[in-house]
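Notes for the one structure printed next.
Rule-based calculations on the coordinates, nothing more; no lab input. These numbers come from a predicted model, not from an experiment. Please note: Cβ atoms are built from the backbone with ideal geometry, for glycine as well, and neighbour counts cover all protein chains shown.
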Amino acid sequence: MSDGLEHWSHYTHFVLALIAVLDPFMAIPVFLGLRVGRSETQHRRLARLAVLIVLTVLVGAALGGDAMLTFFGTSMGSFRVAGGLVLLLMALAMLRSNIEAALPVPAADTDGRDLATVVPIAIPLLAGPGAISTVMIAAQGGSWLHQAAVIAAIVLVCLLVWLMLRLALPISRLLGGAGLNIANRLLGLLLAAIAVESMADGLKALFPVLG
């Protein structure tokens with residue numbers, strides 16, 4: 001650690017983990033359901049609103065994670081094990097999922113109900129328990145510089161998710177159902193490896209003899 005910052009590989013690992021957890025490929029077919037009956041301007045607004053909600057939730061988890069763990073009297077070791085288990089279950093679901101069979105969200109009317117329409121996509125489809133726990137683990141116990149770097153990484157990933165939602169239709173046409181499934185399962189495999197690593201670190205913290 002230098003000047004309160006971790007090695008750059010720590011943040012690279014976090015970015016990859018967060019992309020895998022958010023799994024934008026799974027969100028694409030659901031988000032495409034919102035295009036029906038909506039203009040391009042409304043589509044852009046929905047993408048922006050969804051990502052702003054995700055960003056708010058994840059930054060809140062990064063800033064308030066330590067206080068939450070202290071309040072509930074939970075150690076970081078046990079939280080790493082629990083978070084890793086959640087990620088592993090998500091990874092297994094991603095490896096078995098079939099995006100081609102995903103049911104799109106029915107398009108709501110366009111009379112100002114954007115928030116009610118987009119919230120299920122933002123929470124829990126994107127910013128679910130896995131993403132929140134990943135952010136809390138990454139930001140835990142660091143200096144303000146470290147937390148700033150974690151938040152910057154969150155912003156970077158959210159920008160990527162926003163871009164993918166904005167380009168959901170061309171991405172879907174380019175990759176097709178089979179391509180989206182392959183990308184989703186590759187992210188699931190990466191997430192499974194990250195989950196096992198998180199659980200291993202947590203067990204070492206709980207049982208130092210394992211180190």
Before rounding to the nearest 500, sum -39500 (n - 2.57) across all DSSP H runs of length at least 4 in the chain and divide by the residue total; then give [θ] at 222 nm in deg cm²/dmol. -25500 deg cm²/dmol
Please turn the phi angles of the range 146-151 into ³J(HN,Hα) values with the Karplus equation 6.51 cos²θ - 1.76 cosθ + 1.60 (θ = phi - 60°), one per residue in order, whole Hz, x for glycine and proline. 5, 5, 4, 5, 5, 5
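If packing is taken as the average number of other Cβ atoms within 10 Å across a peptide's residues, how do 140-150, 184-194 rank, most packed first?
On the way: 140-150: 16.9, 184-194: 18.7.
With the highest mean Cβ count within 10 Å placed first, the list reads 184-194, 140-150.
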Between the range 163-211 and the range 45-66, how far is it from one alpha carbon centroid to the other, in angstrom? 19
For the chain, give the magnitude of the charge dipole about the Cα centre (Cβ charges: +1 Lys/Arg, -1 Asp/Glu; no others), in debye to the nearest 20. 460
Which one, Ser133, Pro170, Ala50, projects farthest toward the positive side of the charge dipole computed for the chain from Cβ point charges (K/R +1, D/E -1)? Pro170
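Mind giving me the FRET efficiency for Leu175 and Leu95? R0 is 25 Å, r the Cβ-Cβ distance, nearest 0.05 is fine.
Values: r = 18 Å, r/R0 = 0.71.
Working from the Cβ atoms, E equals 0.90.
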HN-Hα J in Hz across the range 197-205 - Karplus 6.51, -1.76, 1.60, θ = phi - 60°, x for Gly and Pro: 5, 5, 5, 5, 5, x, 5, 5, 5
